Structures are given as structure tokens and as C-alpha cells.
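The structure under discussion appears below in the form of C-alpha cells.
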Amino acid sequence: MQLACLLWLLFVAVYDFRQRRVPNWLVLAGAAVALAALALGTQPFGIEWSTALTGAAVGFGALLLLYAVGLMGAGDVKFAGALGLWVGLQALLPIWVVASLLAGLHSALWLALQRWPVAPRLSLMLLGRSSATSNGAAPTTARKRIVPYAAYLSLATAAWMVWGRQS
């Protein structure tokens, strides 16, 4: 089951880095496998139902506040809830800290590259979406998603799986 979680994290990271969104089917697949692992007693991180459900509620609820003020995408919020089912509440805090630091670095680099004189458009495309749509039209008024937060949550969780649980 640990491999299933790692594959799910990989899919989320790749999708979020490329599209700057996490589709519902991907979030639901991860949540369903996490619930199945709990039901079958094969939960890879040794957490119980209460810990998993608390992690899901806190993960979803905390990021829901950020979504409500426009700082987070809905896919990030739903992914955090599903992630809480996998890792529980205790692991969620260090994962959030690492993911937030990575996202902060991403944002700082993106802001710095906006002023970079050498190929600024190319450099910004590496870290964020292009300012024009694929057909060359002007961007819509929707808020641009620059930081793939679910991807950074995925990377932080994978790091936790490898190094954080060694103690």
C-alpha cells in the first residue's frame, strides 16, 4: 500500500506541476484507496481510523480557510483532505511546513524572474503558466495559479515517507 500512496503522490505532483490543478477523479482515487487500506487493515503508516479521519478533517478545514480568501485552489484543499486520510494528523504538520517552504521558494523565484532581463517569458513559463492562452488570446480574468501547492504537498509527503519516519 505504501507503493500505491507513492504512485498517487507522483500522479498528483506531475498533474499539478503541468496543469496547475488537481482533478477530482485523482483526489477521489487517492481517498478511496486510503479508505480501503484502513478498512482492510493494510494502512501503510500504522494509523487508525480516528487519526486518519482527524487528519482529513484538519487538512481539508485548514486549507478551506485559505481557499475562502482566494489564496488556495479548490483542488489543493481537497487533496489536503485526502492526504490526511493517508498520513493522519501528526504527520500533516511537518508535511505542511516543508510544502509551504517549497511553495514560498517557488513564489520568490517566480517574482525574481519577472524582473530577469534575459528571456523573462521563458523563465516565467518554467515556474508558472504563460500569460497567454494556448490559442494566443489574452488571459481570462480568473486568478492565475502560479504555485502548484498540491505538488509541493506531494513532494513533502514523499520525503516524509523516506526520511521522516526513520526515527
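What follows is calculated from the coordinates using simple rules that are stated; it is not laboratory data. Note that this is a predicted model, so its numbers are computed, not measured. Note: ideal-geometry Cβ built from the backbone for every residue, glycine included; neighbour counts use all protein chains shown.
Annotations
- Sorting LEU65, LEU113, LEU6 by the number of Cβ atoms found within 10 Å of their own Cβ, with the fewest placed first, yields LEU65, LEU6, LEU113.
- Within the shell of other residues whose beta carbon sits under 14 angstrom from the beta carbon of ALA56, the net charge comes to 0, with Lys and Arg scored +1 and Asp and Glu -1.
- The relative contact order of segment 3-104, computed from alpha carbon pairs under 8 Å that lie at least 6 residues apart in sequence, is 30 percent.
- Normalised by the number of residues in segment 1-60, the average gap of Cα pairs under 8 Å and 6 or more apart makes the relative contact order 36 percent.
- Length gained when the stretch TRP49-ALA32 is fully extended (0.36 nm per residue, less Cα-Cα span): 4.8 nm
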